[in-house]
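Novice: For reference, the structure I am asking about is given below.
The values are calculated or read from the model by the stated rules, or taken from the named source; none is laboratory data. Being a predicted model, the structure only gives us computed values, none of them experimental. Methodologically, a virtual Cβ is constructed for each residue, glycine included, from the backbone with ideal geometry; neighbour enumeration extends over all protein chains shown. For accessibility, only protein heavy atoms count, side chains too; no ligands or nucleic acids. Shrake-Rupley method; radii C 1.70, N 1.55, O 1.52, S 1.80 Å.
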Amino acid sequence: MSARREELTRIAARLFAERGYQSTSLADLAEALGVQKASLYHHIASKEDLLWEVAWAGAEAFHAGLDGVPAEVPAAERIRLALRAHLEVVGQQLDVATVFVREWRHLEGDRRDRFFAERRRYEERIRELFRAGVEESQLRTDLDVATAALLFLSAANWAYTWMRPGSGTDELGDRLYAALLDGMRGYATPA
């Protein structure tokens, strides 16, 4: 990818995050890049090309963060490290994370299907961490794994709305982890 195309993609991520995909025009992108609108077509076929690249970059970044969590540590520690990794992506790539969470819905056809499948794969990887926590007796035996993963993802994904770029994500991740896991540890109470 050319340096100019990379710059256009960064600009698109920023504008899509700030204004939303639908509220960002090709004229807005051209103006921010400092070119005529027609010149954009030397770099892209459509505005959706940029949305796809930014959203997919988010998916790759979140998966890469999870890939960095060591498999050999106990499940509860993997959950903590996964939360840190997720928040690190949000903190370091705030615009991309915003598009990943919010703007992907404007993708169409095969791109939408592929992106949705990748999001679901990431969500399943998070659910698996909680399943392992139950299996390793580190979390409640009656834990609703799907709800626990949803809580994790809700807290982590929505960080884009309040996190500032460059925030200390490890400490924040540890605080969220403590709040999240305290309600999931221990034994199930008899019904």
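Novice: Mind telling me which of the residues 82, 117, 71 ends up being under 26 Å from residue 168 (Cα atoms), hydrophobic (A, V, I, L, M, F, W, C) and either open to solvent by 10 Å² or more (accessible area, probe 1.4 Å) or free of Cβ contacts under 8 Å to residues at least 24 places away in the same chain (or both)? So that I can check it myself, show each step before the final result.
Specialist: Details: 82 fails: either open to solvent by 10 Å² or more (accessible area, probe 1.4 Å) or free of Cβ contacts under 8 Å to residues at least 24 places away in the same chain (or both); 117 fails: under 26 Å from residue 168 (Cα atoms).
Exactly one residue qualifies, and that residue is 71.
Novice: Follow-up question, since we're still on this one. In the list 153, 139, which residue meets the criterion of being in contact with an Asp or Glu (Cβ under 9 Å, 6 or more places away or on another chain), crowded, with 17+ Cβ neighbours inside 10 Å and within 27 Å of residue 182 (Cα to Cα)? It would help to see each step written out before you state the result.
Specialist: Values: 139 fails: in contact with an Asp or Glu (Cβ under 9 Å, 6 or more places away or on another chain).
Criteria check complete, one pass: 153.
Novice: Being assigned to a helix (DSSP H, G or I) and either at pLDDT 85 or above or open to solvent by less than 40 Å² (accessible area, probe 1.4 Å) (or both) is the filter here; which residues of the stretch 179-188 pass it? Before the answer, list the steps.
Specialist: Kept after step one, since they are assigned to a helix (DSSP H, G or I), are these residues of the stretch 179-188: 179-182.
180, 181, listed by residue number.
Novice: Of the conditions (1) assigned to a loop (DSSP other than H, G, I, E, B); (2) among the aliphatic types (A, V, I, L, M); (3) over 27 Å from residue 120 (Cβ atoms), residue 40 clears all except one; give me its number.
Specialist: (1)
Novice: Let me ask another. Going by the structure shown, is residue 14 open to solvent by 50 Å² or more (accessible area, probe 1.4 Å) and closer than 25 Å to residue 117 by Cα? Before the answer, list the steps.
Specialist: Details: open to solvent by 50 Å² or more (accessible area, probe 1.4 Å): yes; closer than 25 Å to residue 117 by Cα: yes.
Considered against the rule, which asks whether it is open to solvent by 50 Å² or more (accessible area, probe 1.4 Å) and closer than 25 Å to residue 117 by Cα, residue 14 comes out as yes.
Novice: Output the number of residues of the stretch 135-169 satisfying the condition of being among the β-branched types (Val, Ile, Thr), part of a helix (DSSP H, G or I) and in contact (Cβ under 8 Å) with a residue 12 or more places away in the chain. Spell out the reasoning first.
Specialist: Our first condition is that a residue be among the β-branched types (Val, Ile, Thr); within the stretch 135-169, this holds for 141, 145, 147, 161, 169.
Within this subset, residues satisfying the condition of being part of a helix (DSSP H, G or I) are 145, 147, 161, 169.
Filter once more, so that each one left must be in contact (Cβ under 8 Å) with a residue 12 or more places away in the chain: 145, 169.
Adding up the residues that qualify gives 2.
Novice: Against the definition (touching a Gly at 6+ places or on another chain (Cβ under 9 Å), modelled with pLDDT under 95 and either open to solvent by less than 40 Å² (accessible area, probe 1.4 Å) or among the β-branched types (Val, Ile, Thr) (or both)), how does residue 87 come out, yes or no?
Specialist: Details: touching a Gly at 6+ places or on another chain (Cβ under 9 Å): yes; modelled with pLDDT under 95: yes; either open to solvent by less than 40 Å² (accessible area, probe 1.4 Å) or among the β-branched types (Val, Ile, Thr) (or both): yes.
The answer is yes for residue 87.
Novice: Further question on the same structure: Could you tell me how many of the residues in the stretch 1-29 are in a loop (DSSP other than H, G, I, E, B), more than 14 Å from residue 106 (Cβ to Cβ) and not hydroxyl-bearing (Ser, Thr, Tyr)? Give the steps one after another, and end with the answer.
Specialist: To start, the set of residues in the stretch 1-29 that are in a loop (DSSP other than H, G, I, E, B) comprises 1-2, 20-25.
The next check asks that each one be more than 14 Å from residue 106 (Cβ to Cβ); those that pass are 1-2.
Those left that are additionally not hydroxyl-bearing (Ser, Thr, Tyr): 1.
Qualifying residue count, the stretch 1-29: 1.
Novice: Follow-up question, since we're still on this one. Since residue 62 meets every condition but one in (1) of a type in the set (Phe, Trp, Tyr); (2) more than 24 Å from the chain's Cα centre (by Cα); (3) buried (at least 19 other Cβ atoms within 10 Å of the Cβ), which condition does it not meet?
Specialist: (2)
Novice: Given the conditions (1) within 25 Å of the chain's Cα centre (by Cα); (2) open to solvent by 30 Å² or more (accessible area, probe 1.4 Å), which single one is not true for residue 54?
Specialist: Answer for residue 54: the failing condition is (2).
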